[in-house]
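A short write-up of the structure that comes next.
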Amino acid sequence: MQSFCPTFQFRLFGIDDRRCGLKTGTDGVLLGAWACCVRSDGHMLDVGAGSGLIGLMLAQRYSEAKITAVEIDAGSYADLCLNAAASPWSNRITAVNGDFRTATGKYDLIVCNPPFFTTGDRAPDSARALARHASDLSPLSLLRFAAGNMAEGGRTAMIAPVELNDAIGLEAAVAGLYPSRVSDVATSARRGITRRLWEFSAEPCGIPEPDIITVGSEKFKNLTCDFYL
């Protein structure tokens, strides 16, 4: 087994992502800090968990939660297992190597930082290609899965490029899910909005007005201050 050697250090845990297709980044940190569960002892599912960043953040935030982290890529799964075992919450995180669609049960919170790219050339490295391309895990396949696997009162949260807003909204409606909270993300005031954080519920609700989170702003710092050093 590989030794634990964190390449990114957070306040209460480290992330070793040497074998992971996608490295630790702002999107994952934002989603891990933003996603909410209605139960402090809820059962949570991290889909396409990668190195385990989001699941570890949820374990830190929810002291009684049970988290299942599913990752299909062998290298990423190796990092996930190391990071979970080295964390203070190893007894509450279960790592699974496989396709998320084989997961069973009902979850109070489903989270996913899905692949972004649906067009263009795949990355030459197979692990990076799998992590970044939507052929195996897309926002749309996630929503279909979530519709049948959320517990009563459960939520599904994800982050995706704003170019997919219309497609995600349509697929959610087809799946019988409703946006219950949204936040738009700007990488800087100059560049404008590039991502959207989505939360979905099975209960009808009014169309939420998105707020804006700008990376580096006070709102961003307040949201992530429990994690960044």
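The values are calculated or read from the model by the stated rules, or taken from the named source; none is laboratory data. Everything numeric in this text was worked out from a predicted model, so none of it was measured. For neighbour counting, all protein chains shown are included, and Cβ atoms are generated from backbone atoms with ideal geometry for every residue, glycine included. We work out accessible area using only protein heavy atoms, side chains counted, and drop any ligands, DNA or RNA first. Shrake-Rupley method; radii C 1.70, N 1.55, O 1.52, S 1.80 Å.
What to note about this one:
- Carbon and sulfur %, accessible surface of the chain computed with the full protein complex present, 1.4 Å: 53 percent
- Of the trypsin sites (Lys or Arg not before Pro) found in the stretch 1-95, the ones in coil according to DSSP and having at most 11 other Cβ atoms within 10 Å of their Cβ are Arg11.
- Share, in percent, of DSSP beta bridges within the chain that are antiparallel, nearest 5: 40 percent
- Within the chain, the proportion of Cα pairs with more than 26 Å between them is 32 percent.
- Here is the tail figure for the stretch 167-229: Cα pairs spaced more than 14 Å apart come to 63 percent of all pairs.
- Most mobile of Val96, Val174, Val111 in a GNM of the chain (Cα contacts under 10 Å): Val174
- Solvent exposure ordering (accessible area, 1.4 Å, most first) of Asp27, Asp226: Asp226, Asp27
- Mean accessible surface per residue for the stretch 149-227, computed with a 1.4 Å probe while every protein chain stays in place, in Å²: 51 Å²
- Cys81 accessible area, 1.4 Å probe, all protein chains in place, Å² to nearest 10: 40 Å²
- Karplus (6.51, -1.76, 1.60) ³J(HN,Hα), θ = phi - 60°, over the stretch 81-94, in Hz, Gly and Pro reported as x: 5, 4, 5, 5, 5, 7, 7, x, 10, 4, 6, 10, 10, 10
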